[in-house]
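The values are calculated or read from the model by the stated rules, or taken from the named source; none is laboratory data. In this text the structure is predicted, and so the values were computed from the model without any measurement. Cβ sites come from the backbone with ideal geometry, for glycine too, and all protein chains shown count toward neighbours. For accessibility, only protein heavy atoms count, side chains too; no ligands or nucleic acids. Shrake-Rupley method; radii C 1.70, N 1.55, O 1.52, S 1.80 Å.
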Amino acid sequence: MTRRNRGADASSSSPSPQRAAAPSARLETGRSRTSRNGAVAFTLIVFAAVVAAVLGLVQLVAGSIGLGAIVGAVVAGALAASSVHVVMEWEKAVVMRFGRFNRVAGPGIVFTWPIVEFYTVRIDQRVAATYFGAEETLTADLVPVNVDAVVFWMVFSPKKAACEVEDYGSAVSWMAQATLRKAIGRASLAEVACRRDQLDAELKDALEEKLDGWGIDVIDVEVRDIVVPRELQASMAAAAVATRERDARMILAEAEADISDMLKDASANYEGDPEAMRLRTMHLAYESVKQSGGTLVIPSAFSEGFTDPDAAEVLAKATQRG
C-alpha cells in the first residue's frame, strides 16, 4: 500500500501544534470546529444504562437496593463504559493489550476487553497545519531575518505516531523550526528572498526524511513572510539604489560608445563627399523645424558675397572701375 493510500490513517489527536508553538499565530476563520461531544455522551449513556439495569435487576431479585448493590452497579457501569468506545470517522484508535501494541481500530464502535485492553491515543486522520517561524536567524551573509512558514502534514502510520514519539504534534513544530533555521543559514539574504519556491522544496524534502520514521508525511511547506530588521532596511534600500544607478550609468556608457562608433563611421563617409554632407545638413535642418514647429532663417546669396573670397574680389574690382 502506498503512502498516499495509507493517508486514510492520518493525523493528530495531540494538542494542536499551533496552540503549543505559536498561540498568537492561530487564525480564526469563524467556522465551527468538530467535537467529540457525541462520543462522550454515548459513553455516559452506556454507563447510566448499565447502572440502571444492574440496580433494576437487584431490586427485582432482592426486593431492596443496598450500598453493596449501588457499588456493584457503578463498577459494572464503569467496566461497560471502558469496553465500548465510539471512534469518529476521521480518527484511528491505537489499542494496547497489557501495555503492548495490539491493533489499530476504528472508525465506528470499538470494543475492548475491560482491564485487559485499552487505547491511549486517538490519531486524527485529517491534514494538520502547523505554524512555525525562525526569529533573528542569520543568513550566510550574516543578515538577521525573521521568517514565518506553515507546514501541512498528516499521519500515515498511527502505530508509529503513538509508539515512536511522545508528542508528534510538538515534534513536527520543533523539527520544522530547526530545519528552517538550517536552510536559512546556508543561503544569502537575496537567495532567501528571491528563491522561495526552492526554499519550500528544500524544507519539504528535509522534513519528509526526518519525520518518515515517526509515521508522518509532509504534504507541503509554504514560507509566509520574510522580515528584515527595520534598521537594516534603509541601508539595503540605499544599496539597491546605488546598484540601479551603477547599472544605468553602465548602460549609458555602452550606448555612448555605440553612438561614437556610428558617428565615426558616418564622418568617414561624409569626409570625401561635400555634397552628401550638405544634403545631410539640410535634412537635419528640416527635421529640427518639423519637430519643433519653428522657423529656420537661411542667409541669402547677397550675404554670401561678403563671406565668399571670390565674390569679394569681384566686388572690389567693380568698385575700383566705378
> Out of the residues in segment 41-51 that are free of Cβ contacts under 8 Å to residues at least 40 places away in the same chain and open to solvent by 60 Å² or more (accessible area, probe 1.4 Å), which is farthest from the chain's Cα centre (by Cα)?
Replying inline: F47
> Which of the residues spanning segment 148-160 are under 17 Å from A129 (Cβ atoms) and open to solvent by less than 50 Å² (accessible area, probe 1.4 Å)?
Replying inline: D148, A149, V150, V151, W153, M154, V155, F156
>> Let me confirm something: among R195, R224, R186, which residue is within 24 Å of D124 (Cβ to Cβ) and open to solvent by 40 Å² or more (accessible area, probe 1.4 Å)?
In response: R224
>> For segment 105-128, give me each residue that is open to solvent by 60 Å² or more (accessible area, probe 1.4 Å), hydrophobic (A, V, I, L, M, F, W, C) and more than 21 Å from V46 (Cα to Cα).
In response: V127
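Residue-wise test of (1) in contact with a strand residue (DSSP E or B) (Cβ under 7 Å, 6 or more places away or on another chain); (2) without any contact (Cβ under 8 Å) to a residue 60 or more places away in the chain; (3) aromatic (F, W, Y).
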residue	(1), (2), (3)
S157	no, no, no
C163	yes, no, no
S170	no, no, no
M175	no, yes, no
L199	yes, yes, no
L203	yes, yes, no
K210	no, yes, no
G213	no, yes, no
V218	yes, no, no
> For segment 161-174, which residues satisfy the criterion of being open to solvent by 50 Å² or more (accessible area, probe 1.4 Å) and under 14 Å from G133 (Cβ atoms)?
Replying inline: W174
> Do we find that A80 is surrounded by 12 or more Cβ atoms within 10 Å (Cβ to Cβ), touching a helix residue (DSSP H, G or I) at 6+ places or on another chain (Cβ under 9 Å), at pLDDT 90 or above and assigned to a helix (DSSP H, G or I) in this structure?
Replying inline: yes
